[in-house]
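The next block holds one structure in the form of structure tokens; read it before the comments.
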Amino acid sequence: MISVKDLKYLTDENIDVELLEYLREQGFDVFDIKEARLFRMSDRKILEMAYQEQRVVISQDSDFGTLIFRDSVPFWGIIYLRPGHASPDTHVQTMRTILETNPDLSLPFLIVGENHGEKVKLRIRIFE
């Protein structure tokens, strides 16, 4: 088993700087697509890069699910934040919930964090 607290992350370009800063304040190694100026990089390339660097992708983009389910693109892990285009505080709250819950994981995995305001619902899928 592995903990979300032991992982490295890659934030997609749709992730606000507030979440990136929060993760770094918590001591996480985070590679950010925007900081690297890799704008408009395809989701497939992002997933491939994250896999090579053993990073978990954090995104609001459901296309990563398509790539892993339909196209069987290898991946380390994905954290999908919902609803998309919510306030940065909403996504920080969702990520805080994921970290505090600290679910037992094995690689690869998919976590969907769905923020309903007062409550964050987590759905976790482990791939064998």
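Each reported figure results from applying straightforward, stated rules to the coordinates on display, with no laboratory input. It should be emphasised that the depicted structure is a prediction, and the values quoted were computed from it without experimental measurement. Don't worry about glycine lacking a Cβ; one is built from the backbone with ideal geometry, like all the others, and counts go over all protein chains shown.
General observations
- Most mobile listed residue (97, 66, 11) in the chain, GNM with C-alpha springs under 10 Å: 66
- Charge context of residue 8, other residues only, Cβ under 10 angstrom, K/R +1, D/E -1: -2
- Rounded to 5, the percent of DSSP beta bridges in the chain classed as antiparallel: 30
- Net charge contributed by nearby residues that have their C-beta within less than 13 Å of residue 106 (K/R +1, D/E -1): -2
- Its Cα centre serving as origin, the chain has a Cβ charge dipole (Lys and Arg +1, Asp and Glu -1) of approximately 260 debye.
- For residue 22, net neighbour charge (Lys/Arg +1, Asp/Glu -1) across residues whose Cβ lies under 12 Å away: -3
- When you restrict to C-alpha pairs under 8 Å that are six or more residues apart and normalise by the size of the range 4-126, the relative contact order lands at 24 percent.
- Going from the fewest other Cβ atoms within 10 Å to the most, the residues 69, 28, 64 appear in the order 69, 28, 64.
- For the range 4-126, the residue among 116, 57, 74 whose Cα projects farthest onto the positive side of the dipole built from Cβ charges is 74.
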